[in-house]
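*Asks:* Below is the structure I would like to discuss, written out as structure tokens.
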Amino acid sequence: MKNITVIGVGYVGLVTSAAFSDLGNCVTALDINEERITNLKKGIMPIFEPGLSEVVERNVRAGRLFFTTSYAEALKDAEFVFIAVGTPEGVDGEADLQYVRMAAETIAKTMDHPLIIINKSTVPVGTGDWVSDIIHENQPHPLEFSVVSCPEFLREGSAITDFMTPDRTVLGSEDTNAAERVAQLHLPLRAPIMVTDLRTAEMIKYASNAFLATRISFINEIAHICEALGADVKEVARGMGYDKRIGHHFLEAGIGYGGSCFPKDVKALSHMAQIHGKHPQLLHAVMEINDYQRRHVLLKLHDVLGDFKGRIIGLLGLAFKQNTDDMREAPSTTIGDYLSEHGATVRGYDPAARDAAKRVMPYLELVNNPYELVKGADAVVVLTPWNEFKQLDGQRVKEAMRTPVMIDGRNLYEPAAMRELGFVYHGIGRGYNTGDNS
Ligand code: UDX
């Protein structure tokens, strides 16, 4: 049993706190947001993450998981301190490290015994050294500490599983003894543990996310070519995926990636490259293709409907992906904003992201289910691949609509079947984009 402190109780910090306590450690999770901590003490989660509240509740009840806003309380018995604060996108794509700085400064001023400080947040290459300098500069009197990079590889919507069954744990430090001690914390996960230097560990995180984003933009580029050449990108991806070097995962064409990671991390990596005199052409292309996907869906909709003024358009799914309520960089915001600005009535349905969506899309007319969404609508745009959308009653949807137009930004449905039902159906890369049914 180890004493662990986690600074930052968001998507990464709360999952990390809950999971480490579930492994039998004593964990204190700190956030400077009083309301968030007060709610957590009442069992109210700040985020929608399947299975999280059960893990939190179980470990609070077992006396292994505590929440506080006090650094003195949080660091009192700590051996390991994870920094899991937000690193939002800053000016021209550079990661904004103000919260990391605040955490490092406060740790330095509060610590009264040696600590191992672990960067869990996604931070630019070299941040580990920067954190070290901040701590040295802010300690009232010198106290031993080490900095270790331990990047997170958690996907929203499956974060608990991803933590408990990781493909790998990556650790980076100039102090191999500290890295070994952090490795011990991860032994129960029974996954490969890689120990390297700080910068390499930080780079592994960015390179991993940039590669995953590249896969998505790659298959989306293939989708565009498929539309011109009359091939079906879903079948193309299936045929490609049998090659073990390619695989079937993460090769779904659609509206493109969103969320708090890929957009920010690809930009941050590109920025790091450029300020060091490199020209990340591929990363630029990945971002360009991703940005175009949203325009591509709007162009398809415009091809079919013409003017958006006075039209009722339903957005089926609002969150950036399924099994989350996270609206950060969600394609629905780009699509909805454009439609609203061009005179359309924009309706939205999402199983989880209702309040979160309304906060960023105040014009949105929220409904309670897909069938309400399509009632009298001129078009429906599929933006989030929630499971509950996969077996909709197509006949009922078609009959409810004023005009049966569907732009399927997630290729949830089959063009031939939708055509049979009488829809004007457009998927992404599902064959000829001739404007009739593709
Ligand atoms: C991602 C990484 O997967 C994770 O390892 C990292 O720690 C954080 O960023 P996340 O952004 O939560 O996780 O979700 P993910 O499931 O990776 O999807 C990212 C985006 O890509 C979503 O917008 C999703 O809709 C999109 N996507 C994913 C596709 O468009 N096609 C795919 O085949 C897979």
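*Asks:* Can you give the local net charge around Lys267? Use residues other than it whose beta-carbon is closer than 9 angstrom to its beta-carbon, Lys and Arg +1, Asp and Glu -1.
*Replies:* With Lys, Arg at +1 and Asp, Glu at -1, the net is -3.
*Asks:* Mind ranking His296, His342 by accessible surface for me, highest first, 1.4 Å probe?
*Replies:* Descending order: His342, His296.
*Asks:* Let me ask you something else. With every protein chain present, what is the per residue accessible area of the range 239-323 (1.4 Å probe, Å²)?
*Replies:* 49
*Asks:* Which residues does the label zone of Ile32 cover in the range 78-116, counting backbone N under 15 Å from a point 7 Å along Cα→Cβ?
*Replies:* 83-88, 96-110
*Asks:* Follow-up. What does the accessible area of Arg328 come to, in Å² to the nearest 10, when a probe of 1.4 Å is used?
*Replies:* 100
*Asks:* Let me ask you something else. Which sequence of Trp386, Trp130 reflects their accessible areas, 1.4 Å probe, from the largest down?
*Replies:* Putting Trp386, Trp130 in descending order of accessible area: Trp130, Trp386.
*Asks:* Something else: Would you work out the charge dipole size for the chain about its Cα centre, treating the Cβ of every Lys and Arg as +1 and the Cβ of every Asp and Glu as -1, and quote it to the nearest 20 debye?
*Replies:* Rounded to the nearest 20 debye, it is 860 debye.
*Asks:* With the convex hull built on the Cα atoms of the range 197-305, state its orientation-averaged projected area in nm².
*Replies:* 8.7
*Asks:* Starting from the residue with the highest accessible area, list Lys205, Lys42 in decreasing order, probe 1.4 Å.
*Replies:* The ordering from most to least exposed comes out as Lys42, Lys205.
*Asks:* Quick one: which residues, 5+ away or cross-chain, put their amide H under 5 Å from the amide H of Leu366? H built at 1.01 Å from N.
*Replies:* Those qualifying (amide H under 5 Å, at least 5 residues apart or on another chain) are Gly348.
*Asks:* Mind pulling the angle between the C-alpha long axis of helix 52-61 and the longest principal axis of the chain? Nearest 10 degrees, somewhere in 0 to 90.
*Replies:* So the inclination is approximately 30 degrees.
*Asks:* Using a 1.4 Å probe on the protein heavy atoms only, what accessible surface does Phe250 show? Give it in Å² to the nearest 10.
*Replies:* Per-residue accessible area (Phe250): approximately 80 Å².
*Asks:* Follow-up question, since we're still on this one. Please determine, in degrees from 0 to 90 and to the nearest 10, the orientation of helix 11-22 with respect to the longest principal axis defined by the Cα atoms of the chain, where the helix direction is its Cα long axis.
*Replies:* Value to nearest ten degrees: 60.
*Asks:* Quick one: angle between helix 98-110 and the longest Cα principal axis of the chain, in degrees between 0 and 90, rounded to 10, please.
*Replies:* 20
*Asks:* Okay, moving on. Ignoring ligands, DNA and RNA, please state the percent of accessible area on the chain from carbon and sulfur, probe 1.4 Å.
*Replies:* That fraction is 52 percent.
*Asks:* Additional query: How long are the semi-axes of the equivalent ellipsoid of the range 3-195, taking √(5λ) for every eigenvalue λ of the Cα gyration tensor, in whole Å from largest down?
*Replies:* 23, 19, 18
*Asks:* Shifting gears a bit: Using a cut-off of under 14 Å, list every residue of the range 111-135 whose amide N is near the label point 7 Å from the Cα of Ile275 along the Cα-to-beta-carbon line.
*Replies:* 123-131
The values are calculated or read from the model by the stated rules, or taken from the named source; none is laboratory data. The model shown is predicted, which means the values in this text are computed figures rather than measured ones. Virtual Cβ from ideal backbone geometry, glycine too; neighbours counted across all protein chains shown. These accessible areas exclude ligands, DNA and RNA; they are computed on the full protein's heavy atoms, side chains included. Shrake-Rupley method; radii C 1.70, N 1.55, O 1.52, S 1.80 Å.
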